[in-house]
Amino acid sequence: MSTTKAPPVVLIENASEEMTSLIVEIREHNNAGMNERLRQGERFFKLRAAVGKYQKSNKDGLSYTASVALTGVALSTAERNRTMWEFTQNYQISGALFLLLCEHGCNLQTFAHDLKESFKGTFSSFESRVTGNSAVDPTNADAVAILAKDLKKALKKKVTPPPEPDAELTRLETEVSELLVELPKAKSAEESAVIAEDLHQARVGIRNIHTTRMGALIGSIAPFLEWDDETTEKYLKAFADLPLPLQKQRYADGVNLLKSLSVGFKSLLAKPEAAA
C-alpha cells in the first residue's frame, strides 16, 4: 500500500519549519476573516439598495438604519464594511491588500474621500502595484510596507486641509466602545472574528492619531529637554508600543508640561528687564 507524502514546507527566510507553518496558518485564518468582512460589506450594500427600492413604493418602510439595527450589527461596523466593499469593487483592489495597507496607516478609502477627484490622478500611478495580476502579494509583508509608505508619501502631499484629528479620534473611540459591547453578543465564531478585526482596526487608527499628536508635541518640547533627533525618535518608537490609555495619559502630561513652560515664558517676558 503506497502512501502519498505531504509536499515539503517552503521555509520562510530566517525561520524554522514550525515558525513557517504557524505563520502560514495565521495568514490563512487572517485572510479568511478579511474575506468575511468583504462578504459582510457586500450584504450591507445589497441591503441598502433593497431598502431604497422598497421605500419607493412603501413610504412607511424600514429605513436603512433601522434595518441594520435588526441585524444586530453596529451601524458603524456595517458602514465601515459596506464602504470598504464598494471602494475595493470600484478600484478593483483585493480586500486583503486594502486592509493590510490600512494596518500601515494607509487607508485608501479615507484618502479618496478627502482628495475627491485628485485622488484618481495620484492613484493611477500606483495602479499596477495595487490592482490586477501585477498587484503586490498581500503575503509579502516587506512589499506591502514599501507600497504603503510610497502611497502615503504621494497622497499626503495632496491632502489639504488635513483631517481633524479630534473628530476622528472621538469617532474611533466611540466605535471601540460600541464594538466592545457588540463582541460578547456575537452569534458565531465568524461574526466574532469580524467584530474583533473591526476593533483592531479602530485601535490601530487611535494609536496612529496618538503617535502623530505626540510627535508634534515632542517636537515643541525636545529643545527644552536637550533631546537630539535620535533620542526623540527612540522615545516616539517606545510611545507607539504603549497601551492606548497610557498613551493618552503621556500626551496629557506632555501638554501640561508645555503649558507650564508657556506660563514661565510669559512671566519672564513680563519682567521690566525683559522689555528693556
(Q) Cut-off is 10 Å between beta-carbons; in what order do HIS104, HIS113 appear when sorted fewest neighbours first? (A) HIS113, HIS104
Q: Taking a cut-off of 12 Å between Cα atoms, list the aspartates and glutamates near LYS149, but don't count ones fewer than 8 places away on the same chain.
A: GLU103
Q) Want the number for SER220 to ALA167: 0.36 nm per residue separation, take away the alpha-carbon distance, what's left? A) 16.8 nm
Q) How much length is gained if the chain between ASN90 and THR131 is pulled fully straight, taking 0.36 nm per residue apart and subtracting their Cα-Cα distance, in nm to one decimal? A) 13.7 nm
Q) For LEU75, LEU147, what's the fewest-to-most ordering of other Cβ within 10 Å of each Cβ? A) LEU75, LEU147
(Q) Please compute one quarter of the surface area of the Cα convex hull for region 224-265 and express it in square nanometres. (A) 3.2
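Pull out a ≥ b ≥ c, the square roots of the eigenvalues of the alpha-carbon gyration tensor of region 15-161, then state rounded if a/c is under 1.5, prolate if not and a/b is larger than b/c, and oblate in the remaining case.
Verdict is oblate for region 15-161.
Taking 0.36 nm per residue of sequence separation and subtracting the Cα-Cα distance, how much length would be gained by fully extending the chain between GLU190 and ASP150, in nm to one decimal? Mind dumping the intermediate values first?
Numbers: separation 40, 0.36 × 40 = 14.40 nm, distance 3.33 nm.
Here the segment from GLU190 to ASP150 would lengthen by 11.1 nm.
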Q: Using only Cα atoms, locate the centre of region 231-247 and the centre of region 206-225, then give the distance between them in Å, rounded to an integer.
A: 9
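Every number in this text was worked out from the coordinates using simple rules, so none of it is lab data. Small disclaimer: the values here were computed from a predicted structure and weren't measured. Note that each Cβ is placed from the backbone with ideal geometry, even for glycine, and that neighbours are counted across all protein chains shown.
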